[in-house]
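To keep things clear, I will list the structure first and then write my remarks on it.
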Amino acid sequence: MKSLNKNIYIFSIKFSPGLFKEFYLIGKKLSSNNNVFYFISENYKFLHKEFIKNQTQKQIFEFLFKSNNIKNIFLDTLQYIFFRKNNISSRFIKNKPDIVFIYNSHPINFLIFTLAKKINPNCRNILFVHEPYRKEKRFFGFLGFFYFYLQEFFQSISFKKVQSVILPSPLAKKIFLSRYQWFRGNIYNVNLLLNDEPHVNLERKYFTFGGGLNKGKGLKEFIDLVNYTAIKKLDHKF
């Protein structure tokens, strides 16, 4: 009898530590009835050790990439073109992909989606898009502008090879729809994923900004709100 299990491949070539818990949780849920393979940056290894301590489902991890900065993104792209494509192709041939799910943008996403479709035309390609478009690229200087421009270019060509796009917030979905009106695939809004575990409900007293501060974070607008509240003597605490 033919197995109903699907072969699901999860890629996260460009390292972003905050994403591991999300794509791992998705893979963990899917692995109870499917074969799940991870091809991710080796920089995730320390998180991998932490998260798989008590796992029971069989999940296969391969750390094939090093993309944690611009230099390694470039090197990973060259290595894929010249020899790593054959490594991934052999794995796709051995276990034909039913779903390829890629987390985070990278120049070779388009090539991996194309390869998956070549090996299995019925493969469903899915891309998680953390930031569909940055309006404030000029605030990062010339090199930053150039980097984000290339990132958006490679991301946009990937959209031509995917059947589904997943976005992390209603705002990201709004930006995506305004920028890529031509996209005809499925669009899903999936907010931050967390493990289904009990949490202590503590009173929140602080705001935390993660990553580098820039205009896109809305810090100025937040400070303006605090000042407005103080001037109007409104009963809000910050």
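Every read-out reported here was derived from the displayed coordinates using simple, explicitly stated rules and does not represent laboratory data. Bear in mind the structure is a predicted one, so any value in this text is a computation, not a measurement. As a convention, Cβ positions derive from the backbone with ideal geometry for all residues, glycine included, and neighbour counts pool all protein chains shown.
Worth a mention:
- A straight Cα-to-Cα reach below 20 Å connects residue 220 with the lysines 135, 137, 205, 232, 233, 237, residues fewer than 8 places away in its own chain not being considered.
- FRET efficiency for residue 49 and residue 147, using Cβ-Cβ distance with R0 set to 30 Å, rounded to 0.05: 0.45
- With both labels modelled 7 Å from their Cα along Cα-to-Cβ, the residue 189 to residue 203 distance reads 3.2 nm.
- Spin-label pair residue 171-residue 136: with each label point 7 Å from Cα along the Cα-Cβ axis, the two points sit 0.9 nm from one another.
- Take the convex hull of the alpha carbons in region 95-140; its mean projected area over all directions comes to 3.8 nm².
- Under 12 Å of direct C-alpha separation, and excluding same-chain neighbours fewer than eight residues apart, residue 29 reaches these aspartates and glutamates: 196.
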